[in-house]
Amino acid sequence: MPEPIIRVDSVTKTFGGLHAVDRVSFQIDPGEIVGLIGPNGAGKTTLFNVISGYYAPSQGNVYFKGEDISGQPPYKLAIKGIGRTFQVVKPFPGMSVLDNVVIASLSLHPKRRRAEEHAGEVMKFTGLADRAHVLAGSLTLAGRKRLEITKAMALEPNLVLLDEVVAGLNPTETDQTIELIQKIRAQGKTILIVEHIMRVIMNLSDRVVVLNFGSKIAEGKPKDVANDPSVIEAYLGEEAQEA
Amino acid sequence: MLLLLPQALVDGIMIGGVFITIAIGFSLAFGVMHIIDLAVGEWIMLGAFLGLYLNQWTNIEPFIFLPVVFVVFGLIGYYVQPVIFRVVSGKKGNPLLMGLVFTFGLALIFKGAGLTIFGFYSHSIPSVFSKGSFSIELGNFFLTIPVIRFMGLSYAIIITIMLQYLLKKTDFGLAARALAQNREASGLMGINPKKTSSYVYAIYVGISAMTGVLIGCIFTLSAQMGFKYTVFSFFVVVLAGMGYMSGVPWAAFLLGLVQSIFLIYFNPGYTLLALFVILYGVLLISPKGLFGRGW
Amino acid sequence: MMRHRNILWFIGIFVGLLVVPLIYSDPFFIRIITEAFMWIGLAITWDVIGGYAGRVNFGHGVFFGIGAYVTAILMTKGGWLFTLTLPMAGLGAGLVALVVGFPTLRLMGAYFAIAMWSLALAFQQLALLLNITGGPDGMRMPAFLNPAFFFYIMLCTVAASFALLWYLMERAPFGLKVGSIREDESGAMALGLNPTKIKIQAFVLSAVPAGMIGGIYAYWISYINPASVLGDIITDQAIVMAVFGGLGTLIGPAIGALIVFAFKTLFWAYLSSYQVLYLIILGAVIAATVVFLPNGIWGTYLTYRKSKPLGSVIYKSVEGDNEHA
């Protein structure tokens, strides 16, 4: 049995009295695409932040490739192989697209020349190569989301955390992004994806984990989860976004 | 030595009172506009000089034209504010820091103008309250309170109450508080951020200038005084917590206390050093102020 | 290709400056140029933390002052040779930056600015009170009147600093990393960068040359006191020069330094009775720059030339990237 890439073990994250994440456990095996869904406020982004090091778990542990990474800062995890995007994209607006990606490439290739070459390759892979010298701040939303993914990929991560990468995109852009995600999976990367647009996440994921009010309420294949009564109830009152 | 402690306390309270008014306006401006005005001390200096000249020309008691000074500088502040607003709302550079740099430029302009026009001399504004003091006997302790300082404290209390009333009981105050909490939502609710900010800044400048007159009566004034009062303002506002107005009186009294204790017990030359160390220390340990409620 | 052209420019200017004292030996003139170098050094070092790292530092002058006092104390009380005190001056400033940087740099931008401001003032107060610094009377150095000597040592120190900063901030990955911390610190963390480490490195980098320049100043002017080397005026002018010239570049602050300094010199030469007017103009320059030309002279020129939309602090990407993608 291959070691799971990531194992979330009874992780709890509290803010004051609020349990944003409450004893959540699951694991992801190498090469899987796992979707993380749940109504707004269910704790998905908080869980992302715990896994990527922005928060330390109040209780519980996170294991990455067998190593306990709970509480380690994001920059250490980035180097270890966890790449992530942000729901509200974080480009470096005053820098060119190329420089944006180079920052990530530098973690693997400390010399600037080689880092730029590497960044160029990654940008070719994600389709941003033609915009290398554009100021990141002037990209469209789709461009920025694409850049966000590119930067994460330039870390050559084992685990890619995608946080709402198609939110706000039109159908064409959404399809292009889905294509990219499949390309990423084809490279052997493991992906944990948060998304509100059901058709996207249900079609992409091998498995789905459902959170509600911080707790895991269901886990399994997309079809099974979609028919799970507790999941349906959690979404009642939520306008499930059908694209 | 301990016999002097109550006097030190009382002195501290008296001095602190004046600092409250400076800091409360500053804190308000920060809360609503997120602007840290490095020129605060210079506004005080300019107001003090207006008070000085008005008194010299008309021989009228300075306390009477406090409102005049308020209005004059309120108008000035009202028209300066849009420029600041433009800087702080811009997408160029880091708006907050650019605002800081801009007010830094203003401070330089005012300081230079002050030195050019008013020269390097110190003055004092005479007032009917300048002479005389209360004496209170409390058991073994004998306290002296100069009338003018007592007037300063009263002034501070009155201004604070008026400001509280303005903020809590008027529509304008509601708008200002809303703006301080959430700029975007306020805009959506029909609050005009530019106009409200203009009024807030006008009030802050007016109060600061007015307090300058008071300082000119209680202490002295000179074209170089601005820097010192900028330090005091920062001290109080940082300790209170930026934008947290309820913390201002405590921080102001603490400032007054530190000053008077150093005056009585230690070498006053160490006062500024102590203030800087405390300011720096607070920023390190609890940047949101002693009460943790600052921005 | 462009890289080589830049190096040639630099070497050319440097060599040209080397021969200046041989041609114009008027000591007054030499002193003016020396001071110009000094301000270039102060402006570019401020820009490392103020422009590149995006942390406005209202206490930068403290490093200059520390360097000045280190040299003064070592020479007068310890009998050190001047040139040996310079590395110590830089080291002293650097150490302070290192120690102070840890707690202060994690503060938000505005708080950092105020904290550094109050720290610088605390140091000034300290210098006024301590015996070893001579208190308000300051310190007098052994006189050494040799304008050419100081010309060369200031030129070499500033040129070396410029070259080092150019390499680190514009060529090496470090500058890119610093810029990313400025643009989005938490985003940079997700890409493997440790913001605290990088900010402190930038901070120390801004402090060391400033300290050395301060050390040179002490021996050059032969007399220092808390007002002249630890006062706000050093920081204030450096900030105006850097902002006016263009944040986030090296050439910007250098140009800003030259222009502002030239203006100041002419001003004092012809309008010395209106010295305080200088403050007004300084303030007006920086206020106007922030409102109308936020990227400074050089920054605006760069934008215009490359026809890029005005973004945040203009960050020069590496030359020669035309050869890629």
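FYI, it's all coordinate maths here, none of it is from the lab. Keep in mind it's a predicted model, so treat the numbers as computed, not measured. Cβ sites come from the backbone with ideal geometry, for glycine too, and all protein chains shown count toward neighbours.
General observations
- Remark on chain B: Rg and Dmax equal 19.0, 63 Å (Cα only).
- The equivalent ellipsoid that matches the C-alpha gyration tensor of chain C spans semi-axes of 30, 24, 20 angstrom, in descending order.
- Cα gyration tensor shape of the range C:135-202, rounded if a/c is under 1.5, else prolate or oblate by comparing a/b with b/c: oblate
- Rg/Rh for the range B:140-295, where both radii come from Cα atoms and Rh is the Kirkwood radius: 1.01
- With both labels modelled 7 Å from their Cα along Cα-to-Cβ, the residue B:274 to residue C:10 distance reads 5.0 nm.
- Dipole magnitude for chain A: about 840 debye, using +1 per Lys or Arg Cβ and -1 per Asp or Glu Cβ, origin at the Cα centre.
- Longest segment of chain A lacking GluC sites (Glu not before Pro) that sit in a DSSP loop with at most 16 other Cβ atoms within 10 Å: A:1-237
- Evaluated over the Cα positions of the protein assembly as shown, the convex hull gives a direction-averaged projected area, one quarter of its surface, of 41.2 nm².
- Amide H contacts of residue A:65 (H built 1.01 Å from N, in plane; Pro and chain starts excluded): A:6, A:7 sit under 5 Å, all sequence-distant by 5 or more or on other chains.
- Hz values of 3J(HN,Hα) by residue in the range B:263-277 - Karplus curve (6.51, -1.76, 1.60), Gly and Pro given as x: 5, 8, 9, 10, 6, x, x, 7, 4, 4, 4, 4, 4, 5, 5
- Neighbour counts of C-beta atoms inside 10 Å place C:99, B:69 in the sequence C:99, B:69, starting with the fewest.
- DSSP bridge orientation in chain A - percent antiparallel, rounded to nearest 5: 55 percent
- Considering only Cα atoms, the convex hull volume of the range A:1-80 works out to 92 Å³ per residue.
- Chymotrypsin sites (Phe, Trp or Tyr not before Pro) within the range C:1-64, DSSP loop, no more than 12 other Cβ atoms inside 10 Å: C:24
- Computed about its Cα centre, the charge dipole of the range C:2-320 is approximately 560 debye, with only Lys, Arg, Asp and Glu carrying charge at their Cβ.
- Filtered trypsin sites (Lys or Arg not before Pro), the range C:64-150: DSSP coil and at most 16 other beta carbons within 10 Å: C:106
- If you take the alpha carbon atoms of the range C:193-283 and fit the smallest convex hull around them, that volume is 124 Å³ per residue.
- For the range B:91-191, chymotrypsin sites (Phe, Trp or Tyr not before Pro) meeting the loop criterion (DSSP other than H, G, I, E, B) and having at most 10 other Cβ atoms within 10 Å: B:120, B:121.
- Quarter of Cα convex hull surface for the range A:6-235, i.e. mean projection, nm²: 12.1 nm²
- In order along the range B:136-153, the phi-based Karplus estimate (6.51 cos²θ - 1.76 cosθ + 1.60, θ = phi - 60°) of 3J(HN,Hα) comes to 10, 10, 10, x, 7, 9, 10, 10, 10, 10, x, 4, 4, 6, 5, 4, x, 5 Hz; Gly and Pro are listed as x.
- The distance between label points at residue B:192 and residue A:58 comes to 4.6 nm (points 7 Å beyond Cα on the Cα→Cβ vector).
- Within a straight-line Cα-Cα reach of under 13 Å, residue C:306 can be paired with the following aspartates and glutamates, leaving aside sequence neighbours fewer than 8 residues apart in one chain: C:319.
- With Rh defined as the Kirkwood radius, the inverse of the mean 1/r over Cα pairs, the Rg/Rh of the range B:71-193 is 1.11.
- Taking the convex hull of the alpha carbon positions in the range B:192-242 and averaging its projected area over all directions gives 4.4 nm².
- Fewest neighbouring Cβ atoms within 10 Å first, the residues A:84, B:149, A:113, B:86 line up as A:113, B:86, B:149, A:84.
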